[in-house]
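Heads up: the structure comes next, in structure tokens.
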Amino acid sequence: MLFRQLFDVESSTYTYLIADPNTKEAILVDPVLEQVERDLKLLKELGLTLRYCLETHIHADHITGTDKLRAATGCLGIVPQKAHAGCADRYIEDGEELTLGEITIKAIATPGHTDSHNAYLVNNDRVLTGDALFIRGCGRTDFQSGDAGTLYDSVTQRLFTLPDDTLVYPGHDYRGHTVSTIGEEKRWNPRFVGRDRNNFIELMANLNLPDPKKMMEAVPANEQCGNVMAIAVH
């Protein structure tokens, strides 16, 4: 399996390129609009055909590159079931699998950061956690129909029940971390260690974080799969 972790400095977003080296089929998870040229260049250099752009959720801090990548490559845009994105080619529900050659990508519903959010288990040895679980942190729950109790349930019941040696690749990191494991996060993540559901809800209610800088433009654009022209028309 070819696996690349790509970074957008402005939004601290990780995009993941996954490909089967035999079929040369590829998928991009959580692409960023400003990084489309980087991603297309890498696909070309590695001789890959982009089949899918896959979102963990509707993002508030960056505009997805899906629409532009779809126009350039003919790939399909896939979002979690119930996500507010009428532009998607396909919706993926809990437990559903995508296959690329010998690679299997299984959706795990992990709502809470937003009301429709998936993590993706790749070949049963690594999980792309999106904004549900960060390295020593988690996504916020104070907008986009987020719910702290739901996020606590998603992380503790859906992610922390994976094998301890499962690699954790988050949707963002703000401190330079790149990868963790489920076992590490269960032991060291300060958002969850020693907290029950009520303690977690109280913690999340008192973070007092500012809104993401791009939220007002990113959310409506991502509901159009990153087609900013469609937003301008509206």
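The values are calculated or read from the model by the stated rules, or taken from the named source; none is laboratory data. Keep in mind that what you see is a predicted model, and the values were worked out from it rather than measured. Here Cβ is always computed from backbone atoms with ideal geometry, including for glycine, and neighbour counts include all displayed protein chains.
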* So is CYS75 surrounded by fewer than 24 Cβ atoms within 10 Å (Cβ to Cβ), at pLDDT below 95, in contact with a Cys (Cβ under 6 Å, 6 or more places away or on another chain) and farther than 30 Å from THR161 by Cβ or not? -> no
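Looking at the structure I just gave you, is ARG51 of a type in the set (Lys, Arg), closer than 24 Å to PRO220 by Cα, touching an Asp or Glu at 6+ places or on another chain (Cβ under 9 Å) and crowded, with 18+ Cβ neighbours inside 10 Å? Give the derivation first.
Numbers: of a type in the set (Lys, Arg): yes; closer than 24 Å to PRO220 by Cα: no; touching an Asp or Glu at 6+ places or on another chain (Cβ under 9 Å): yes; crowded, with 18+ Cβ neighbours inside 10 Å: yes.
Here the answer is no, as ARG51 does not meet what is asked.
Look through the range 129-164, keep the residues that are in a helix (DSSP H, G or I) and touching a Leu at 6+ places or on another chain (Cβ under 7 Å), and return whichever of them is nearest to ALA26 (Cα to Cα).
Start the filter on the range 129-164 by keeping residues that are in a helix (DSSP H, G or I), which leaves 148-159.
Filter once more, keeping what is touching a Leu at 6+ places or on another chain (Cβ under 7 Å): 155, 159.
Details: VAL155: 28, LEU159: 25 Å.
If we take residues in the range 129-164 being in a helix (DSSP H, G or I) and touching a Leu at 6+ places or on another chain (Cβ under 7 Å), then LEU159 is nearest to ALA26 (Cα to Cα).
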* Residue that is farthest from GLU223 (Cα to Cα) [pool: residues in the range 113-128 that are without any contact (Cβ under 8 Å) to a residue 60 or more places away in the chain, buried (at least 24 other Cβ atoms within 10 Å of the Cβ) and in contact with a Leu (Cβ under 9 Å, 6 or more places away or on another chain)] -> VAL127
* Can you tell me which residue within the range 74-119, out of those that are more than 19 Å from LEU159 (Cβ to Cβ) and acidic (Asp, Glu), is nearest to the chain's Cα centre (by Cα)? => ASP89
* Structure fact -> All-but-one check, HIS57 against (1) more than 17 Å from LYS106 (Cα to Cα); (2) buried (at least 16 other Cβ atoms within 10 Å of the Cβ), failing number (1)
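Can you tell me which residue in the range 134-159 is surrounded by the fewest Cβ atoms within 10 Å (Cβ to Cβ), limited to those that are under 15 Å from ALA107 (Cα atoms) and not β-branched (Val, Ile, Thr)? Break it down into steps so the answer makes sense when it comes.
Filtering the range 134-159 for residues under 15 Å from ALA107 (Cα atoms) gives 154-155, 157-159.
Still in the running and not β-branched (Val, Ile, Thr): 154, 157-159.
Details: SER154: 24, GLN157: 10, ARG158: 19, LEU159: 23.
Per the criteria, the residue is GLN157.
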* From the residues in the range 183-234 that are within 23 Å of ILE58 (Cα to Cα), of a type in the set (A, V, I, L, M, F, W, C) and in contact with a Lys or Arg (Cβ under 8 Å, 6 or more places away or on another chain), which one is modelled with the lowest pLDDT? -> LEU209
* Inspect the range 167-176 for any residue being under 30 Å from ASP89 (Cβ atoms) and surrounded by fewer than 12 Cβ atoms within 10 Å (Cβ to Cβ) and give the result as yes or no. => no
* Asked: Has the range 106-114 got any residue that is in contact with a strand residue (DSSP E or B) (Cβ under 9 Å, 6 or more places away or on another chain), farther than 26 Å from ARG140 by Cβ and charged (D, E, K, R)?
  -> no
* Within the range 8-33, tally of residues that are under 22 Å from ARG175 (Cβ atoms) and surrounded by fewer than 15 Cβ atoms within 10 Å (Cβ to Cβ) -> 2
